[in-house]
Each structure stands twice: as C-alpha cells, then as structure tokens.
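Heads up: the structure comes next, in structure tokens.
Since every read-out is calculated from the coordinates, none of them should be taken as a lab result. A quick note: this is a predicted structure, and the numbers were derived from the prediction, not measured. As a convention, Cβ positions derive from the backbone with ideal geometry for all residues, glycine included, and neighbour counts pool all protein chains shown.
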Amino acid sequence: MKCAMCKRGDTKPGVTSVLLTRDDFTLVMRDVPAEICEICGEDYIDGKVAKSLYHMAEEIQNQGTLLDVRKYQVIQKNPCPVEG
Ligand SMILES: [Zn+2]
C-alpha cells in the first residue's frame, strides 16, 4: 500500500519494535509484524496485531512488571497444551 506519511513510498512486510506505555509500565515489543515504508520507514501495524499487543501488555503489567522487553509471538490457543 502507499505510505500515508510521505505519500511516495510503498510499504513492504517486515518487522518493527513497538513501545507501549501505560501508567508507570513500559513495554518494548520486538519483532512485531508490520508493513514498513521503504522510503521513510513509517510502520503500519495491523489492527489485530495491535490488539494482541495491548492484551499482552495488560497481562505483563498485571504481573507487577514495570519494564519489560519481549519478542512478539502470536498467541495461539492450543486445544492440547504442551507442557514445557
Ligand atoms: Zn513513507
């Protein structure tokens, strides 16, 4: 798609880092799938991905964490959870 920031570049699938803050909680999520503009580098995160990010941030914050850096992983509800 065309980039809305620079209006010149085209976006390509890639990964980006996202900084989420809420109250005194800070989360850095690495390797988040996004469409990246090849000219200005603006990233466009899918609504579904953004939603799962906020969900993950909420869970991590609920554990009493103030600062965390995570690698983005798609949460999959597995009918037969494998205990690791
Ligand atoms: Zn751009």
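Evaluating kT/(6 pi eta Rh) at 37 °C and 0.692 mPa s, with the Kirkwood radius of the chain over Cα pairs in the Stokes-Einstein relation, gives 230 µm² s⁻¹. Between helix 47-62 and the chain there is an angle of about 40 degrees, using the helix long axis and the longest principal axis of the Cα atoms. For Ala34, the residues whose modelled amide H falls within less than 5 Å of its own, excluding neighbours fewer than 5 places apart on the same chain, are Gly14, Val15, Thr16.
Straight Cα distances below 13 angstrom link Lys51 to the aspartates and glutamates Glu59, with same-chain residues fewer than 8 positions distant left out. Helical content of the chain, expressed as a calculated mean residue ellipticity at 222 nm, amounts to -6500 deg cm²/dmol (DSSP H runs of 4 or more residues, -39,500 (n - 2.57) each, divided by residue number, nearest 500).
Annotation: amide H of Glu42 within the under-5 Å range of Cys37, sequence separation 5 or more or interchain, hydrogens built in the peptide plane.
Set the Förster radius R0 to 30 Å, insert the Cβ-Cβ distance between Val28 and Lys2 as r into 1/(1 + (r/R0)^6), and round the FRET efficiency to 0.05. Efficiency at R0 = 30 Å is approximately 0.60.
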